[in-house]
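Below: one structure, written as C-alpha coordinates.
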Amino acid sequence: MSDYSLAEQMRGTWVTAAFGVYMFAISTLSYENFKFLIQNGISRQTFFNSQIVVNGLLILIGNTFNVAYQYLVLMPLVHARNTNIFMSSYAGYFHNSIVAFLFNFIFSGLLLVVGALAGMVIGNFLTLFSKFIQRIILIVTPIVGYITLMYAASRVILHHDFEMTWVANFAKFVLGYRSTGSYDPFPMIVAMVVVSAIMLLIVRYLFSKKQLKRE
(Lines give C-alpha, C1' and ligand atoms only; values in the text may rest on other atoms or scores of the structure.)
Protein backbone atom coordinates (compact mmCIF):
# COMPACT_ATOMS: atom_id res chain seq x y z
CA MET A 1 0.00 0.00 0.00
CA SER A 2 3.02 2.28 0.14
CA ASP A 3 2.66 3.20 -3.51
CA TYR A 4 -1.00 4.18 -3.16
CA SER A 5 -1.75 7.74 -4.23
CA LEU A 6 -5.17 9.31 -3.81
CA ALA A 7 -4.33 11.93 -6.43
CA GLU A 8 -3.42 9.26 -8.98
CA GLN A 9 -6.61 7.34 -8.19
CA MET A 10 -8.66 10.50 -8.72
CA ARG A 11 -6.81 11.28 -11.93
CA GLY A 12 -7.46 7.82 -13.33
CA THR A 13 -11.05 7.43 -12.18
CA TRP A 14 -13.53 7.50 -15.06
CA VAL A 15 -16.21 9.25 -13.03
CA THR A 16 -17.57 11.33 -15.88
CA ALA A 17 -17.51 8.45 -18.37
CA ALA A 18 -19.35 6.22 -15.90
CA PHE A 19 -22.40 8.49 -16.01
CA GLY A 20 -22.46 8.31 -19.80
CA VAL A 21 -22.46 4.51 -19.62
CA TYR A 22 -25.23 4.67 -17.01
CA MET A 23 -27.41 6.92 -19.21
CA PHE A 24 -26.94 4.63 -22.19
CA ALA A 25 -27.76 1.53 -20.13
CA ILE A 26 -30.95 2.84 -18.49
CA SER A 27 -32.14 4.26 -21.82
CA THR A 28 -32.15 0.77 -23.34
CA LEU A 29 -34.50 -0.50 -20.61
CA SER A 30 -37.93 0.58 -21.73
CA TYR A 31 -40.37 -2.24 -22.31
CA GLU A 32 -41.21 -3.22 -18.73
CA ASN A 33 -42.02 0.38 -17.82
CA PHE A 34 -43.93 0.76 -21.08
CA LYS A 35 -45.98 -2.39 -20.44
CA PHE A 36 -46.76 -1.39 -16.87
CA LEU A 37 -47.81 2.17 -17.68
CA ILE A 38 -49.78 1.39 -20.84
CA GLN A 39 -51.74 -1.29 -18.98
CA ASN A 40 -52.62 1.35 -16.40
CA GLY A 41 -54.10 3.77 -18.91
CA ILE A 42 -51.09 5.92 -19.86
CA SER A 43 -50.90 6.81 -23.57
CA ARG A 44 -47.81 6.17 -25.69
CA GLN A 45 -47.36 9.91 -26.22
CA THR A 46 -47.49 10.60 -22.49
CA PHE A 47 -45.00 7.85 -21.72
CA PHE A 48 -42.69 9.02 -24.53
CA ASN A 49 -42.78 12.63 -23.32
CA SER A 50 -42.20 11.55 -19.71
CA GLN A 51 -39.19 9.41 -20.61
CA ILE A 52 -37.66 12.27 -22.61
CA VAL A 53 -38.19 14.71 -19.73
CA VAL A 54 -36.77 12.32 -17.12
CA ASN A 55 -33.71 11.52 -19.24
CA GLY A 56 -33.24 15.22 -19.91
CA LEU A 57 -33.28 16.05 -16.21
CA LEU A 58 -30.86 13.21 -15.45
CA ILE A 59 -28.50 14.47 -18.16
CA LEU A 60 -28.70 18.03 -16.84
CA ILE A 61 -27.91 16.90 -13.28
CA GLY A 62 -25.21 14.44 -14.35
CA ASN A 63 -23.55 16.86 -16.75
CA THR A 64 -23.49 19.58 -14.09
CA PHE A 65 -21.82 17.16 -11.68
CA ASN A 66 -19.33 16.01 -14.34
CA VAL A 67 -18.23 19.50 -15.29
CA ALA A 68 -18.06 20.61 -11.63
CA TYR A 69 -15.96 17.53 -10.82
CA GLN A 70 -13.57 18.35 -13.67
CA TYR A 71 -13.10 22.00 -12.71
CA LEU A 72 -13.27 21.73 -8.91
CA VAL A 73 -11.54 18.38 -8.31
CA LEU A 74 -9.49 17.10 -11.23
CA MET A 75 -8.01 20.37 -12.44
CA PRO A 76 -7.04 22.06 -9.11
CA LEU A 77 -6.28 18.97 -6.99
CA VAL A 78 -4.52 16.62 -9.40
CA HIS A 79 -3.49 19.24 -12.00
CA ALA A 80 -5.29 17.42 -14.81
CA ARG A 81 -5.94 19.49 -17.90
CA ASN A 82 -7.38 17.11 -20.51
CA THR A 83 -10.29 15.84 -18.43
CA ASN A 84 -12.67 15.09 -21.32
CA ILE A 85 -12.90 15.16 -25.12
CA PHE A 86 -13.68 18.86 -25.25
CA MET A 87 -10.79 19.84 -22.98
CA SER A 88 -8.26 17.75 -24.90
CA SER A 89 -9.31 18.78 -28.43
CA TYR A 90 -11.46 21.92 -28.46
CA ALA A 91 -10.88 24.07 -25.38
CA GLY A 92 -7.89 25.85 -26.90
CA TYR A 93 -10.10 27.15 -29.71
CA PHE A 94 -11.52 29.75 -27.31
CA HIS A 95 -9.38 32.50 -25.85
CA ASN A 96 -11.86 33.28 -23.09
CA SER A 97 -11.98 30.76 -20.22
CA ILE A 98 -15.64 31.52 -19.40
CA VAL A 99 -16.71 30.89 -23.00
CA ALA A 100 -14.64 27.70 -23.04
CA PHE A 101 -16.38 26.58 -19.84
CA LEU A 102 -19.85 27.21 -21.30
CA PHE A 103 -19.07 25.31 -24.50
CA ASN A 104 -17.53 22.50 -22.46
CA PHE A 105 -20.86 22.19 -20.64
CA ILE A 106 -22.82 22.27 -23.92
CA PHE A 107 -20.52 19.85 -25.71
CA SER A 108 -20.45 17.36 -22.82
CA GLY A 109 -24.21 17.57 -22.43
CA LEU A 110 -24.75 16.86 -26.13
CA LEU A 111 -22.53 13.79 -25.90
CA LEU A 112 -24.75 12.48 -23.11
CA VAL A 113 -27.86 13.28 -25.15
CA VAL A 114 -26.52 11.34 -28.14
CA GLY A 115 -25.61 8.39 -25.92
CA ALA A 116 -29.00 8.33 -24.20
CA LEU A 117 -30.92 8.59 -27.48
CA ALA A 118 -28.77 5.84 -28.98
CA GLY A 119 -29.71 3.67 -26.01
CA MET A 120 -33.39 4.50 -26.53
CA VAL A 121 -33.20 3.64 -30.23
CA ILE A 122 -31.57 0.28 -29.49
CA GLY A 123 -33.83 -0.55 -26.56
CA ASN A 124 -37.07 0.39 -28.32
CA PHE A 125 -36.03 -1.37 -31.51
CA LEU A 126 -35.39 -4.61 -29.62
CA THR A 127 -38.79 -4.45 -27.90
CA LEU A 128 -40.46 -4.91 -31.30
CA PHE A 129 -39.20 -8.50 -31.35
CA SER A 130 -39.60 -11.59 -29.20
CA LYS A 131 -36.97 -12.39 -26.60
CA PHE A 132 -35.57 -15.16 -28.82
CA ILE A 133 -35.04 -12.76 -31.73
CA GLN A 134 -33.62 -10.16 -29.35
CA ARG A 135 -30.93 -12.62 -28.22
CA ILE A 136 -30.02 -13.41 -31.82
CA ILE A 137 -29.72 -9.69 -32.64
CA LEU A 138 -27.60 -9.05 -29.54
CA ILE A 139 -25.25 -11.89 -30.48
CA VAL A 140 -24.97 -11.26 -34.22
CA THR A 141 -24.80 -7.44 -34.22
CA PRO A 142 -21.55 -7.08 -32.17
CA ILE A 143 -19.85 -9.74 -34.32
CA VAL A 144 -20.85 -8.09 -37.60
CA GLY A 145 -20.01 -4.66 -36.18
CA TYR A 146 -16.56 -5.79 -35.04
CA ILE A 147 -15.74 -7.36 -38.42
CA THR A 148 -16.94 -4.24 -40.24
CA LEU A 149 -14.96 -1.95 -37.93
CA MET A 150 -11.77 -4.00 -38.32
CA TYR A 151 -12.14 -3.98 -42.10
CA ALA A 152 -12.71 -0.22 -42.18
CA ALA A 153 -9.74 0.36 -39.84
CA SER A 154 -7.47 -1.80 -41.99
CA ARG A 155 -8.46 0.18 -45.05
CA VAL A 156 -7.59 3.42 -43.30
CA ILE A 157 -4.27 2.15 -41.93
CA LEU A 158 -3.00 0.09 -44.88
CA HIS A 159 -4.15 2.22 -47.79
CA HIS A 160 -2.65 5.69 -47.76
CA ASP A 161 -4.88 6.69 -50.69
CA PHE A 162 -7.78 6.67 -48.23
CA GLU A 163 -6.47 9.91 -46.77
CA MET A 164 -7.60 11.71 -49.91
CA THR A 165 -11.13 10.25 -50.07
CA TRP A 166 -14.29 12.19 -49.35
CA VAL A 167 -14.93 9.99 -46.31
CA ALA A 168 -11.73 11.11 -44.61
CA ASN A 169 -12.31 14.72 -45.61
CA PHE A 170 -15.87 14.63 -44.30
CA ALA A 171 -14.69 13.10 -41.02
CA LYS A 172 -12.10 15.84 -40.63
CA PHE A 173 -14.75 18.46 -41.33
CA VAL A 174 -17.18 17.06 -38.74
CA LEU A 175 -14.42 16.77 -36.14
CA GLY A 176 -13.40 20.36 -36.85
CA TYR A 177 -9.86 19.37 -37.78
CA ARG A 178 -7.38 22.20 -38.23
CA SER A 179 -3.77 21.67 -39.19
CA THR A 180 -2.68 24.20 -36.59
CA GLY A 181 -4.09 24.78 -33.13
CA SER A 182 -7.09 23.21 -31.45
CA TYR A 183 -10.00 21.75 -33.36
CA ASP A 184 -13.09 23.83 -34.19
CA PRO A 185 -15.96 22.53 -31.99
CA PHE A 186 -18.85 24.03 -33.95
CA PRO A 187 -19.10 21.42 -36.75
CA MET A 188 -19.16 18.65 -34.12
CA ILE A 189 -21.79 20.48 -32.05
CA VAL A 190 -24.02 20.92 -35.12
CA ALA A 191 -23.50 17.27 -36.07
CA MET A 192 -24.54 16.10 -32.59
CA VAL A 193 -27.66 18.29 -32.69
CA VAL A 194 -28.64 16.88 -36.11
CA VAL A 195 -27.96 13.27 -35.05
CA SER A 196 -29.94 13.80 -31.84
CA ALA A 197 -32.92 15.17 -33.78
CA ILE A 198 -32.85 12.21 -36.18
CA MET A 199 -32.64 9.67 -33.36
CA LEU A 200 -35.45 11.42 -31.49
CA LEU A 201 -37.70 11.00 -34.55
CA ILE A 202 -36.68 7.34 -34.82
CA VAL A 203 -37.50 6.75 -31.14
CA ARG A 204 -40.87 8.44 -31.57
CA TYR A 205 -41.64 6.19 -34.53
CA LEU A 206 -40.58 3.06 -32.62
CA PHE A 207 -42.84 4.06 -29.73
CA SER A 208 -45.80 4.22 -32.12
CA LYS A 209 -45.09 0.63 -33.20
CA LYS A 210 -44.86 -0.86 -29.71
CA GLN A 211 -47.39 -3.46 -28.73
CA LEU A 212 -48.15 -5.17 -25.43
CA LYS A 213 -46.80 -8.71 -25.55
CA ARG A 214 -47.65 -11.77 -23.52
CA GLU A 215 -44.35 -13.22 -22.33
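Apply the Karplus parameterisation 6.51 cos²θ - 1.76 cosθ + 1.60, with θ equal to phi minus 60°, to every residue of the stretch 90-105 and state each ³J(HN,Hα) to the nearest whole Hz, in sequence, with x for glycine and proline.
Taking θ as phi minus 60°, the curve returns 10, 4, x, 5, 9, 8, 10, 5, 5, 5, 4, 4, 4, 6, 4, 4 Hz for the stretch 90-105.
Let me cross-check PHE105: its accessible surface, 1.4 Å probe, with only protein heavy atoms counted, in Å² to the nearest 10?
60
Once the other residues with Cβ under 10 Å from the Cβ of PHE48 are scored (Lys, Arg +1; Asp, Glu -1), what is the net sum?
+3
Once both labels are modelled 7 Å past Cα along the beta-carbon direction, what's the MET75-SER182 spacing in nm?
According to this spin-label approximation, the distance is 1.0 nm.
Rounded to whole Hz and in sequence order, give me ³J(HN,Hα) for the stretch 114-128 from the Karplus expression 6.51 cos²θ - 1.76 cosθ + 1.60, θ = phi - 60°, writing x for Gly and Pro.
3J(HN,Hα) across the stretch 114-128, in whole Hz: 4, x, 5, 5, 4, x, 5, 4, 5, x, 6, 5, 5, 5, 6.
Which value, in Å² and to the nearest 10, is the accessible area of THR28 when all protein chains are kept and the probe is 1.4 Å?
Counting only protein heavy atoms, the figure is 40 Å².
Determine, from the Cβ-Cβ distance of LEU29 and ASN82 and an R0 of 35 Å, the FRET efficiency 1/(1 + (r/R0)^6), rounded to the nearest 0.05.
The value I calculate is 0.60.
The values are calculated or read from the model by the stated rules, or taken from the named source; none is laboratory data. Only a predicted model underlies this, so the values are computations on that prediction, with no experimental measurement involved. For neighbour counting, all protein chains shown are included, and Cβ atoms are generated from backbone atoms with ideal geometry for every residue, glycine included. Areas reflect the complete protein model, heavy atoms only, side chains present, ligands, DNA and RNA absent. Shrake-Rupley method; radii C 1.70, N 1.55, O 1.52, S 1.80 Å.
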